[in-house]
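To keep things clear, I will list the structure first and then write my remarks on it.
Quick note: the coordinates plus some simple rules give every number you see, no bench work behind them. Quick caveat: nothing in here was measured; it's all calculated off a predicted structure. Here the Cβ positions follow ideal geometry from the backbone for every residue, glycine too, while neighbour counts run over all protein chains shown.
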Amino acid sequence: MQFSIKTGAPEKQRSACLVVGVFEPRTLSAPAAALDGAAGGLLTRILERGDMDGRAGSTLLLLDVPGTPAERVLLLGLGKEAEFGDKAYREAVANVMRAMRDTGAADALVTLTALSAGKRDLRWRVRQAAMVAQDALFRADQLKSKKDERQPALASIAFAVDVAGDAPAAEDALAQGQAIASGMALTKELANLPANICTPTYLGEQALQLARAHKLKCEVLDREAMEKLGMGSLLSVARGSHQPPRFIVLQYKGGKAKDKPVVLVGKGITFDTGGISIKPAAEMDEMKYDMSGAASVLGTFKACALMGLPLNVVGISPTTENMPDGSASRPGDIVTSMSGQTIEILNTDAEGRLILCDALTYAERFNPDCVVDIATLTGACVIALGHVATGLLANDDALAEELAAGGQQAWDRAWRMPLWDDYQEQLKSNFADMANIGGRPAGTVTAACFLSRFTGKYRWAHLDIAGTAWRSGKEKGATGRPVPLLTHFLLGRAKRL
Ligand code: BES
Ligand code: MN
Ligand code: ZN
């Protein structure tokens, strides 16, 4: 899809489809009113006859409207103007994409970006429009032998900006939105791949390929290298799998040499059977998404590189499968992490923290400004926050606020949970420095408490994306989250929002 910015009166532009909004009840938005003037009151008459009342999501396609060179006009219901906030705006853009699928128009001029309703500025509106539009176009058809035959005709979309002087800012925001959307698409493609294709080796190759395409530094460590580093916790998870583990280290150097990096650590379990503490059969296929943290690190790196952010970022993804096997870890086994701390594995299904802890220790060598780990870590997080908010836990208030703000900006929101010492008791082990589970109460918090024992040397935050990285049911598939949150967090740091 080609995206562009267009200034000047929308009703005077040549396009295959001019999209204008109507608020409820029967109120023309400013671009619609301008078109109505040029068309001799045609839109007013349509509203009066009751053929479009502005209800959110309703559409009406008009052909050969007088007074405009546009071949078609799509009237789009936006709901009540007073309620036209972030959510309604994003839904309106998605509704445009849905309605355009059923038209023969090859290009469109969308005037939603020119609406000043809501509290957001033009840059936000344009960035979001590009992200939402591209997201709506995503098809999970990589592995279908026949692609969808009914390819939509739509090949390019222009977003209207009414003040010509705003065009450069809008172009810049458009490029950001597209970069973030490409990062999300990469994350979704990788996360949707089944575990027989998307193995640790495959993820390592994808990282190397991304590095080649965008001049990033990339190292992929094998089992032997991990043994030398003493990553006993990570390797204990890999023991049950015939797939060799990989430890991916990516470096994006857009900042000055002395700038401390942001380190992103992504959980990369390519399939989580639970190991010897095996999971029930129902919906186990969804555990192919257990590498979504690692996939979101790759997606974020792609977006960073496309945007050329003036920051240093390191991405670390420990990747392995969690399988039951004759050599898999047993409940009760005790392993030694890279940090030297010993861990009693009381449940082999709490494997995410076992691979992350060694990656968090490895992160120390980069002298990080801060470390953010991203993981589909606990089912408890889905119970606590559902599929709306990502769980956010941190040992630093400023970092937590910065990430939450990034999520707000991106409309990819996270909600903070406590990381109080009181919860640490639940991880007590009679035989090792800690147990890898803390019982049923506060499962998301105790998982983060476990990780906190490996993050004493830097500012750190943890994102639990178990509920937000993918959708179940009929719409099953990866969401690309939290790439928007992470990229907005980085954009904020780079003062590019
Ligand atoms: N990958 C799962 C977490 C998960 C579960 C994500 C369901 C999405 C949906 C993780 O490795 C896991 O199995 N966690 C256990 C931890 C428990 C054994 C302490 C869980 O949440 O049940
Ligand atoms: Mn598990
Ligand atoms: Zn897992």
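Would you mind calculating the relative contact order of the chain from Cα pairs under 8 angstrom and at least 6 residues apart, reporting the percent as a whole number?
14 percent.
Return the long-range amide H neighbours of Leu154 (sequence gap of 5 or more, or a different chain), with a cut-off of under 5 Å between placed amide H atoms.
The list, which skips near neighbours in sequence, is empty: none.
For the pair Lys457 and Glu283, how long in nm is the line joining their label points, each one 7 Å along Cα→Cβ?
Placing both labels 7 Å beyond Cα along the Cβ direction yields 3.9 nm.
With loop defined by DSSP as not H, G, I, E or B, and exposure as at most 12 other Cβ atoms within 10 Å, which is the longest segment of the chain clear of exposed GluC sites (Glu not before Pro)?
Numbers: sites that count: Glu149, Glu283.
That would be 284-497.
Taking amide hydrogens as modeled 1.01 Å from N in the peptide plane, which residues meet the under 5 Å criterion relative to Lys6, leaving out close sequence neighbours?
Under 5 Å from the amide H of Lys6: Phe159, Ala160, Val161.
With an 8 Å Cα cut-off and a minimum separation of 6 or more residues, compute the relative contact order for region 2-161 in percent. List each step's numbers first, then the result.
Numbers: 318 pairs, mean separation 49.3, N = 160.
Across region 2-161, relative contact order equals 31 percent.
Out of the DSSP beta bridges found with both residues in the chain, what percent are antiparallel (nearest 5)?
Numbers: 29 of 70 bridges.
Close to 40 percent.
Counting Lys and Arg as +1 and Asp and Glu as -1, what is the net charge of the other residues whose Cβ lies under 14 Å from the Cβ of Ala160?
Within the 14 Å Cβ shell, the charges total -1.
Quick one: helix 122-137 against the long Cα principal axis of the chain, what's the angle to the nearest 10°, folded into 0 to 90?
Approximately 80 degrees, to the nearest 10.
Long-range amide H contacts for Trp470: which residues qualify at under 5 Å (H placed 1.01 Å from N, peptide plane, sequence gap of 5 or more or a different chain)?
Hits under the 5 Å cutoff: Thr479.
Using +1 at the C-beta of Lys and Arg and -1 at the C-beta of Asp and Glu, which of Leu234, Leu264, Met291 has the Cα lying farthest in the positive direction of the dipole of region 216-291?
Farthest along the dipole direction, towards plus: Leu264.
What are the radius of gyration and Dmax of the chain, computed over its Cα atoms and given in Å?
Cα only, the chain: 24.6, 83 Å (Rg, Dmax).
Give me the Debye-computed log₁₀ of I(q)/I(0) at q = 0.16, 0.20, 0.29, 0.32 Å⁻¹ for region 418-463, equal point scatterers on Cα only, no solvent, two decimals.
-0.40, -0.61, -1.15, -1.29
What does the charge count around Gly79 come to, taking other residues whose C-beta lies under 14 Å from its C-beta (Lys +1, Arg +1, Asp -1, Glu -1)? All intermediate terms of the calculation are to be shown ahead of the outcome.
Working: positive: Arg26, Arg55, Lys80, Lys87, Arg90; negative: Glu24, Asp53, Glu81, Glu83, Asp86, Glu91.
Surrounding charge for Gly79 is -1.
When the dipole is taken about the Cα centre of the chain, and only Lys, Arg (+1) and Asp, Glu (-1) are charged at their Cβ, what size is it in debye, to the nearest 20? Present the calculation step by step, with values, prior to reporting the outcome.
Numbers: 56 positive and 56 negative charges, 176 e Å.
Dipole magnitude for the chain comes out near 840 debye.
Do any of Lys302/Lys428; Lys146/Lys476; Lys215/Lys267; Lys256/Lys302; Lys6/Lys302; Lys12/Lys474 go past 31 Å between their Cα atoms, and which? List each step's numbers first, then the result.
Numbers: Lys302/Lys428 40 Å; Lys146/Lys476 19 Å; Lys215/Lys267 24 Å; Lys256/Lys302 19 Å; Lys6/Lys302 27 Å; Lys12/Lys474 42 Å.
Going by Cα-Cα distance, Lys302/Lys428; Lys12/Lys474 fall outside the 31 Å limit.
Over region 206-316, calculate the relative contact order: mean separation of alpha carbon pairs under 8 Å at least 6 apart, over the residue count, as a percent.
Details: 156 pairs, mean separation 38.0, N = 111.
About 34 percent, as a whole number.
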